[in-house]
1. Using the Karplus curve 6.51 cos²θ - 1.76 cosθ + 1.60 with θ = phi - 60°, what ³J(HN,Hα) values do you get for each residue of region 180-192, in whole Hz, with x for Gly and Pro?
2. Using amide H atoms built in the peptide plane, which far-off residues or other-chain residues are under 5 Å from GLU96 H to H?
3. Under a 5 Å amide H to amide H cut-off, with H placed in plane at 1.01 Å, what residues pair with TYR101 once short-range neighbours are removed?
4. For region 2-213, what relative contact order do you get, as a whole percent, if you take Cα pairs closer than 8 Å and at least 6 residues apart?
5. Counting helices only, and only those DSSP H runs with n ≥ 4, report the 222 nm mean residue ellipticity of the chain as the sum of -39,500 (n - 2.57) divided by its residues, in deg cm²/dmol to the nearest 500.
6. Residue by residue through region 80-88, what is 3J(HN,Hα) from phi via Karplus (6.51 cos²θ - 1.76 cosθ + 1.60, θ = phi - 60°)? Round to whole Hz and write x for glycine and proline.
7. Give me a comma-separated list of calculated 3J(HN,Hα) values for region 32-46, in order, Karplus coefficients 6.51, -1.76, 1.60 applied at θ = phi - 60°, integers in Hz, x for any Gly or Pro.
8. Name the residue, out of GLU129, GLU27, GLU102, whose mean-square fluctuation peaks in a Gaussian network model built on the chain with Cα pairs under 10 Å.
Amino acid sequence: RAHFFNLEFEVTADVLIPRPDTETLVENVMQLARNQTGFEAPRVLDLCTGSGCIAAAIAHHLKSATVIAIDVSEKAIAVARRNIEQLKLTDRVTIEQGDLYEPLSRMVDAQPFDVIVANPPYIATAKIEELDKSVKDYEPIIALDGGLDGLAMLRRILEQSPQRLRSSGRLYIEIAYDQAAAALDAAKTYEELEDVRVLKDNAGNDRVLTARRK
């Protein structure tokens with residue numbers, strides 16, 4: 001079991017172990033909901049949900065939030081479902097299996113979202129071998145491998161984000177500490193996205209790419 005944002009989660013070999021760095025994503029969504037008009041009852045899309053820890057933390061701490069959480073791995077989805085049930089959040093968190101936005105095309109009422117959050121795989125393929133044994137041998141490669149430069153999934157998430165965010169909706173994607181410049185470049189190619197910047201985690205490292213839908 002692992003702790004994330006004061007909640008306890010079941011984790012298996014099929015999901016990443018929640019990390020303190022990732023709390024930055026949740027903190028920013030909570031600040032947005034509390035301080036910005038129009039986000040009082042946010043509809044949130046959580047991509048690459050894994051154990052469901054981000055979706056659960058948002059729903060638990062923001063009682064007005066509803067979350068759709070998606071993961072491509074059936075085994076991860078099973079873990080996420082158990083966690084959401086255990087935390088009694090099934091009324092506000094929906095778990096769907098599929099490749100990024102794909103399950104939304106099967107939903108009748110897939111309105112644009114107020115917020116999209118994602119903690120995608122972001123380690124460059126060549127660097128996987130160099131990872132600490134505790135990570136490399138016990139965590140799913142699918143949740144770590146971000147392609148040639150580590151940003152393959154980030155680009156795919158950005159690509160459809162303008163369609164999936166409402167006007168003034170916000171996007172938050174976790175990145176590695178050394179990917180800020182490349183992530184900013186990728187996001188700035190979309191004219192529908194503005195206020196593109198990188199937020200730091202509690203240790204002062206670049207951690208989250210954020211942008212607002214025009």
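Please treat every number below as a calculation from the coordinates, not as lab data. Fair warning: this is a prediction, and the values are worked out from it, not measured in the lab. Backbone-built Cβ (ideal geometry, glycine too); neighbour counts: all protein chains shown.
1. Result, ordered by residue: 4, 4, 5, 5, 4, 4, 4, 6, 6, 6, 9, 5, 6 Hz.
2. Here ALA69, ILE70, ASP71 satisfy the definition.
3. none
4. 19 percent
5. Values: 6 runs with 61 residues, N = 214.
The helix contribution divided over the chain gives -8500 deg cm²/dmol.
6. In residue order, the calculated couplings are 4, 4, 5, 5, 5, 5, 4, 8, 6 Hz.
7. Listing the rounded values in order: 4, 5, 8, 10, 10, 5, x, 10, 5, 10, x, 8, 10, 10, 10 Hz.
8. Ranking GLU129, GLU27, GLU102 by mean-square fluctuation puts GLU129 first.
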